[in-house]
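Following: one structure in structure tokens, then a few remarks.
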Amino acid sequence: MSIRILLVDDHTLFRSGIRLLLQRHPEFEVVGEAVDGLDGVKRARQLRPDVVLMDLNMPGLSGLEAMQLIVEDLPETAVLMLSVSEEAEDLSTALHNGAAGYLLKNIEADYLVQAIKRAAAGEPVISEAMTAKLVMQFRAARPAVSGDMKEKLTARERETMSCVARGQSNKEIARSLDVAESTVKIHVQNILKKLNLSSRVQIAVYAVEHGLDKTP
């Protein structure tokens, strides 16, 4: 099955370039385009894509605001933010509010292709140039983990969270923990529910913020 993609960007030339790139890959299907955040929300609700490539800064309804509405309405749709901003605050805000990933617009074409595939598979995606900034920001500000917080998760769920924070896929986590991939999926769903999170990226962010990014 192909990965259905919606492009949301106010620059026509940029959208055209991304469309041409993705059309070279038979596993992708660009199902629509939108010129701003509001149009992007409307198109997402109509088309229900697997992945939305969303510009961060657009006139009117911003990419961040549009992303939040799409994530709320379509939790199965992964929204990848595309931006020229290398500010850690923009990155953390996007991830905190449900983005499946954050990519800089200067990334290589092959990296974008792989990022879309990973996002469609439920994996967190962050441009390599931004990862260090994110980790440094969160680790500098993270609070100590309370006993109540630790008690919310089982030991195996904390191990799973640590693996997610390191960017491992469900298959890789299953190998690391010597369990079935279906068991990993259950652990991930339990973590999302117990901590009131909405995506694997939020699990990773939460883990780093609360010092749970290392295996207990």
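Every number in this text was worked out from the coordinates using simple rules, so none of it is lab data. Nothing here was measured: the structure is a model prediction, and the numbers come from that model. Every residue, glycine among them, receives a Cβ derived from its backbone with ideal geometry; neighbour counts consider all protein chains shown.
Between Phe14 and Glu27, residue separation times 0.36 nm minus the direct Cα-Cα distance comes to 2.6 nm. Dipole size of the chain about its Cα centre, with +1 on Lys/Arg Cβ and -1 on Asp/Glu Cβ: approximately 640 debye, rounded to the nearest 20. For the chain, the longest principal axis of the C-alpha atoms and the axis of helix 63-73 are separated by about 70°.
For segment 154-216, the Cβ-based charge dipole about the Cα centre amounts to some 100 debye (Lys, Arg positive; Asp, Glu negative; other atoms uncharged). Working note: 222 nm ellipticity from helices only, DSSP H runs with n ≥ 4, each -39,500 (n - 2.57), summed and divided by the residues of the chain, gives -16500 deg cm²/dmol to the nearest 500.
Helix 109-120 against the longest principal axis of the chain: what's the angle in degrees, Cα atoms only, rounded to the nearest 10? Around 60 degrees separate the two axes. For the chain, modelled as a GNM whose springs connect Cα atoms under 10 angstrom apart, the maximal fluctuation among Ala115, Ala174, Ala99 occurs at Ala174. Here the extension length gained between Arg156 and His96 equals 19.2 nm, from 0.36 nm per residue of separation less the Cα-Cα distance.
Cross-link check: pairs Lys42/Lys194; Lys117/Lys152; Lys42/Lys105; Lys117/Lys171 evaluated at a Cα-Cα cut-off of 20 Å; pairs beyond the cut-off: Lys42/Lys194; Lys117/Lys152; Lys42/Lys105. Largest mean-square fluctuation among Met161, Met130, Met54, in a Gaussian network model of the chain whose springs join Cα atoms under 10 Å apart, belongs to Met130. Between Leu80, Ile70, Asn97, the Cα set farthest toward the positive side of the dipole of segment 63-117 (charges on each charged residue's Cβ, about the Cα centre) is that of Leu80.
Answer with a single label: of [x] 15.7; [y] 13.4; [z] 11.6, which was calculated as mean projected area of the Cα convex hull in nm² from the structure in view? Checked against the structure: label [z]. Within the listed set Asn190, Asn97, Asn170, the residue fluctuating most in the Gaussian network model of the chain (springs between alpha-carbon atoms under 10 angstrom) is Asn190. Between the residues Ala119, Asn57, Ala165, the greatest Cα displacement towards the positive end of the dipole of the chain, with unit charges on the Cβ of Lys, Arg, Asp and Glu, is found for Ala165. Distance between the C-alpha centers of segment 153-216 and segment 26-65? Whole Å please. Here the answer is 28 Å between Cα centres.
Against the chain, whose longest principal axis comes from its Cα atoms, helix 200-209 is set at around 50 degrees.
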